Amino acid sequence: MIPMPRPIFQKYVAPIRAEDYPIGTVAESGVLLSGSADWRRERPVFNADLCTGCLKCYLACPDGAVVREGKKVVLDERFCKGCGICAVECRLKAIRMAAERE
Amino acid sequence: MSGSSKTPISPRSLPEEEFFIGHKACAGCGGSLAVRLALKVTGPRSLVAVPAGCMSAVGFLYPQMSFSCNAIISTFAGTASMLSGMAAGARALGWRDVKVVGFAGDGGTADIGLQALSGAIDRRERILYICYDNEGYMNTGVQKSGLTPPGARTTTTPVGSTMRGSSGPKKNMFEIVAANGIAYAATASVGYPQDYLDKVARAASVDGTAYIQVLSPCPTGWGVPSHETTRIAREAVDCGLWVLGEYADGKHILNRDPGTFAPAAEHLRTQGRFKHLTDEDVARVERDRDEQWKKIRDHWLR
Ligand SMILES: Cc1ncc(C[n+]2csc(CCOP(=O)(O)OP(=O)(O)O)c2C)c(N)n1
Ligand code: SF4
């Protein structure tokens, strides 16, 4: 479970009147927000046993895809582009990059 | 310094909300990390201006907007003037708890946006200007800017028989804003996020204009794998090629002295833009670095 609050995604409905135009973060229009990003060829796998919750990966993720949960972190797959920075930053090797389609 | 706090920001105390999310920056984009981290500090009541450049191109894909705080695109040259207007607007509305913050690339800062920034500093606008320095005009396809370092290959400074990458020096924006008499300025690196977060916090509480220049590698333009962004940004500091400093109350402060520098040759040549550098080229880079560090070590406070 992703802890809240996260951005609120609104369903995009084609506007008819000016006030129908969406304000704020909206889903649907892009690949990134609909399920796992199409850009990703690899995805980080977190080993909670090795993670000490130092949050180095959290501070290094350009996409806000690493989410704090309790003392550890979890991945918000919707936003991960598979850049692999988190795996480089983790000194304890608690993050490994795995092929997206294994 | 200027009444701002020196208590470090704890990563756990940062808000859970993401204020820059779902953007379409390339995987591993350092600029987007710089924006994301800064907004974690300045928070939901940030009023953001972003000029033409990658961060506006990837952040405002209407109707899928990536900023969950107030944000607007400014003209390419007008980041600091738009921030000034936003600060005036907030004053007029009696909004006292907002942070007015801009994110501009190096081209938008050191070249076309310089006069607006200088004017804002002169008027002592209470704004925070963050330059995410990826050392080139990336959004238009990697052209040389005033902050492109010597030797770097860009599409306008190619490597061939008559040209060997960018020839001029990198403009010293940090000294330029200091010479303008700015209230607070700092250099940072996305490879040292704690240092960067602390500087954003300090800058946001300064009574006057604040400027932060944060080294933000661009995997696409630099020719490095996407997972290298933060490591390269850290290594640049460890090699002495990027200085972590501050300017406050009229004084220069050195935040980190690596002592002996990590070897520059390997750091440079793992980047596609520097692959062509000869041993002689690298020696020149190291000579320039050592000269700069001599001045810093002699004159800056620790
Ligand atoms: C007045 C004006 N000139 C040129 C452009 C075209 N343009 C858009 S983005 C860009 C490059 C921006 O480079 P930089 O400021 O370094 O930011 P980056 O793309 O690296 O994030 C240029 C030249 C423009 N939008 N407006
Ligand atoms: S081109 Fe560079 S600066 Fe622009 S989004 Fe991609 S990685 Fe970021």
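Of all the listed residues (A:Ile16, A:Ile85, A:Ile23, A:Ile95), the sole one being open to solvent by 70 Å² or more (accessible area, probe 1.4 Å), β-branched (Val, Ile, Thr) and modelled with pLDDT of 80 or more is A:Ile16. Which residue is nearest to the other protein chains (Cβ to nearest Cβ), if the candidates are limited to region B:152-206 and must be free of Cβ contacts under 8 Å to residues at least 60 places away in the same chain and among the charged types (D, E, K, R)? Of everything passing the filter in region B:152-206, B:Lys199 is nearest to the other protein chains (Cβ to nearest Cβ). Number of residues in region B:42-68 that are part of a loop (DSSP other than H, G, I, E, B) and either in contact (Cβ under 8 Å) with a residue 60 or more places away in the chain or near ligand 1 (Cβ under 9 Å from one of its atoms) (or both): the value is 2. Note on region B:250-297: among residues that are under 21 Å from B:Met173 (Cα atoms), assigned to a loop (DSSP other than H, G, I, E, B) and touching a strand residue (DSSP E or B) at 6+ places or on another chain (Cβ under 9 Å), the one that is least open to solvent (accessible area, probe 1.4 Å) is B:Asn255.
If we keep just the residues of region B:139-157 that are within 17 Å of B:Ile112 (Cβ to Cβ) and of a type in the set (S, T, N, Q), which is nearest to ligand 2 (Cβ to nearest atom)? Looking at residues that are within 17 Å of B:Ile112 (Cβ to Cβ) and of a type in the set (S, T, N, Q), I get B:Asn139. Residue under question is B:Ala71, and the condition is that it be more than 21 Å from the chain's Cα centre (by Cα) and either assigned to a helix (DSSP H, G or I) or buried (at least 17 other Cβ atoms within 10 Å of the Cβ) (or both); does it hold? Considered against the rule, which asks whether it is more than 21 Å from the chain's Cα centre (by Cα) and either assigned to a helix (DSSP H, G or I) or buried (at least 17 other Cβ atoms within 10 Å of the Cβ) (or both), B:Ala71 comes out as no.
Of all residues in region B:10-38, those being more than 16 Å from ligand 2 (Cβ to nearest atom), crowded, with 23+ Cβ neighbours inside 10 Å and more than 9 Å from every other protein chain (Cβ to nearest Cβ) number 0.
The set of residues from region B:45-94 being in contact with a Lys or Arg (Cβ under 6 Å, 6 or more places away or on another chain), away from every other protein chain (no Cβ under 14 Å) and not polar (S, T, N, Q) comprises just one member, B:Ala87. Test B:Asp106 against the criterion of being within 11 Å of ligand 2 (Cβ to nearest atom) and farther than 20 Å from B:Val206 by Cα, and give yes or no. In short, yes.
The values are calculated or read from the model by the stated rules, or taken from the named source; none is laboratory data. Every value quoted in this text rests on a predicted model; they were computed, and no experiment measured them. Don't worry about glycine lacking a Cβ; one is built from the backbone with ideal geometry, like all the others, and counts go over all protein chains shown. Only protein heavy atoms, including side chains, enter the accessible area calculation; ligands, DNA and RNA are left aside. Shrake-Rupley method; radii C 1.70, N 1.55, O 1.52, S 1.80 Å.
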